Amino acid sequence: MKPLAAGMAIVVGSAVACAVEAPPSPQPAITSQALYCAYGSVGMRPANPPPDYEAWFAVAVIEIKNPVGETQPKVSEFSLIDGTGAVTPLKRVIEVDDFDRSPVPGWGISAYYLNSGKAAPPGDRTRPWNGVLRVGTTQLRVRVSLTKDPAESDRFRLVLGSIVTEGKVNARWPT
């Protein structure tokens, strides 16, 4: 060793090996994207509806990519947001479907995502969601009732467990 300055030294002619631990690789994350959202009202309403009468509804379809493992998230929030930031929250979740449908020639986007039951196309594999988010890609269709008339909402926010999906509103159905 040759002295450099007080308290410093250089090692000459020796190799120094250091074990450097690699940083942990990041955990894969669950991701989601908005595919479709629409809202609207029922047509005919009673003159004096009861306090719990539901007149406004929304449907959102999201795609979730889950590389992590099975989870059982719940819908904890759904809201429509207008251009001023005013929020119309959900009243309750009506149903969540495991959306599994091939494209249908001649159908527009609203018919494709909204039609269900007898209006669904032949070969439709959409079914009620069992609450388990499988590993892989899943499309969910979430139907909710809303607390009030959402006015002119142009965005939505859906929270499913820790998965937050935000997107544009594609349509408002006529009543």
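With the cut-off at under 17 Å, measuring from each backbone N in the stretch 53-72 to a point 7 Å along the Cα-to-Cβ line of Ala29 picks out 63-69. From the residues Ala119, Pro103, Thr71, which one has its Cα farthest along the dipole of the stretch 56-143 in the positive direction, the dipole being from +1 and -1 charges on Cβ of Lys/Arg and Asp/Glu about the Cα centre? Result: Ala119. If you take the square roots of the eigenvalues of the alpha-carbon gyration tensor of the stretch 54-175 and sort them as a ≥ b ≥ c, do you get rounded (a/c under 1.5), prolate (a/b over b/c) or oblate? Here the stretch 54-175 falls in the oblate category.
Charges at C-beta only: +1 for Lys and Arg, -1 for Asp and Glu. How large is the resulting dipole of the stretch 114-175 about its Cα centre, in Debye rounded to 20? Can you show the working numbers first?
Numbers: 11 positive and 5 negative charges, 46 e Å.
With Lys and Arg at +1 and Asp and Glu at -1, about 220 debye.
For a modelled paramagnetic label at Ser76, 7 Å from Cα along Cα-to-Cβ, the residues of the stretch 146-175 in reach, with backbone nitrogen under 14 Å, are 158-165. If we count every other residue with Cβ under 12 angstrom of Thr165's Cβ, Lys/Arg +1 and Asp/Glu -1, where does the sum land? Taking every Cβ under 12 Å from that of Thr165, the sum is +1. Computed from label points 7 Å out along Cα-Cβ, the spacing between Arg127 and Asp149 is 4.1 nm. The calculated Kirkwood hydrodynamic radius for the stretch 114-175 is 14.6 Å, given to one decimal from all distinct C-alpha pairs. Highest mean packing comes first when the peptides 61-68, 125-132 are listed by Cβ atoms within 10 Å, giving 61-68, 125-132. A cut-off under 15 angstrom between Cβ atoms defines the neighbours of Asp52, and their net charge, with Lys, Arg +1 and Asp, Glu -1, is +3.
Laboratory data are not the source of any read-out in this text; all were calculated from the coordinates shown. What you see is a predicted model; the values in this text were computed from it and never measured. Heads up, the Cβs are rebuilt from the backbone with ideal geometry, glycines too, and the neighbour counts pull from every protein chain shown.
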